[in-house]
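J.: I have a structure here, written as structure tokens, and I will follow up with some questions on it.
The values are calculated or read from the model by the stated rules, or taken from the named source; none is laboratory data. Fair warning: this is a prediction, and the values are worked out from it, not measured in the lab. Cβ: placed from backbone, ideal geometry, glycine included. Neighbour counts: every protein chain shown.
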């Protein structure tokens with residue numbers, strides 16, 4: 001099973017298959033509008049603009065599971081993303097990425113790329129260690145702006161923890177596009 005075997009829901013409620021992105025490199029990100037990392041939207045959009053014509057698709061999945069930092073409706077989230085950051089990549093319907101109601105796509109992503117969230121994540125590691133200690137050492141998404149890189153064939157290639165910026169991912173994308 002690969003990423004292309006999953007269905008996603010747009011902010012408008014319409015379902016679509018990730019098979020629509022077969023042949024594209026995907027960067028799948030859980031996003032939030034009221035997080036200290038929210039300015040990463042700017043870098044994600046820059047990455048999207050620089051690579052979309054070469055076969056990369058950024059997909060944003062709003063999630064309110066981390067300190068209530070994505071409280072808005074799907075419509076409010078869309079408005080925020082477009083007016084505050086000029087986001088043109090798809091920002092889909094709000095989902096859960098952990099727990100019993102976790103979206104099946106994120107269950108798959110987490111299983112394929114469990115991550116390496118440790119002290120090198122600095123302030124965020126300390127925050128998660130204090131507020132969500134049960135998550136340390138698991139495949140759970142630890143915070144907003146965790147990113148998953150997916151190959152053209154739908155295989156999960158890598159997970160980037162929230163503190164990794166979109167600019168730091170650019171070299172990996174360029175390698176895949178070469």
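Results for (1) farther than 17 Å from residue 144 by Cβ; (2) surrounded by fewer than 19 Cβ atoms within 10 Å (Cβ to Cβ); (3) out of contact with any helix residue (DSSP H, G or I) (no Cβ under 8 Å at 6 or more places or on another chain), shown as yes or no for each residue.
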site: 22; (1), (2), (3): yes, yes, no
site: 33; (1), (2), (3): no, no, no
site: 83; (1), (2), (3): yes, yes, yes
site: 88; (1), (2), (3): yes, yes, no
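J.: In the list 45, 70, which residue meets the criterion of being modelled with pLDDT of 95 or more, crowded, with 19+ Cβ neighbours inside 10 Å and in a loop (DSSP other than H, G, I, E, B)? Talk me through it step by step, then tell me what you get.
T.: On the way: 45 fails: in a loop (DSSP other than H, G, I, E, B).
Every option except 70 fails the conditions.
J.: Another question about this same structure. Out of 167, 139, report the one residue that is over 18 Å from residue 47 (Cβ atoms), in contact with a helix residue (DSSP H, G or I) (Cβ under 8 Å, 6 or more places away or on another chain) and either modelled with pLDDT of 95 or more or outside any loop (DSSP other than H, G, I, E, B) (or both).
T.: Working: 167 fails: over 18 Å from residue 47 (Cβ atoms).
That would be 139, the only listed residue that is over 18 Å from residue 47 (Cβ atoms), in contact with a helix residue (DSSP H, G or I) (Cβ under 8 Å, 6 or more places away or on another chain) and either modelled with pLDDT of 95 or more or outside any loop (DSSP other than H, G, I, E, B) (or both).
J.: Which condition does residue 108 not pass, out of (1) assigned to a helix (DSSP H, G or I); (2) touching a helix residue (DSSP H, G or I) at 6+ places or on another chain (Cβ under 8 Å); (3) modelled with pLDDT of 95 or more; (4) closer than 25 Å to residue 54 by Cα, if it passes all the others?
T.: (4)
J.: Which members of region 143-164 meet the condition of being surrounded by fewer than 22 Cβ atoms within 10 Å (Cβ to Cβ) and assigned to a loop (DSSP other than H, G, I, E, B)? Full working, then the answer.
T.: Narrowing region 143-164 to residues surrounded by fewer than 22 Cβ atoms within 10 Å (Cβ to Cβ): 149, 151-161, 163-164.
Scanning region 143-164 gives 151, 152, 153, 154, 155, 161, 163, 164.
J.: Let me ask something else about it. Can residue 87 be described as free of Cβ contacts under 8 Å to residues at least 60 places away in the same chain, within 22 Å of residue 165 (Cα to Cα) and not in a helix (DSSP H, G or I)?
T.: Values: free of Cβ contacts under 8 Å to residues at least 60 places away in the same chain: yes; within 22 Å of residue 165 (Cα to Cα): yes; not in a helix (DSSP H, G or I): yes.
Here the answer is yes, as residue 87 does meet what is asked.
J.: Now, a different point. Could you list, in sequence order, all residues of region 48-64 that are surrounded by fewer than 22 Cβ atoms within 10 Å (Cβ to Cβ) and not in a strand (DSSP E or B)?
T.: Hits for region 48-64 are 48, 49, 50, 51, 52, 53, 54, 55, 64.
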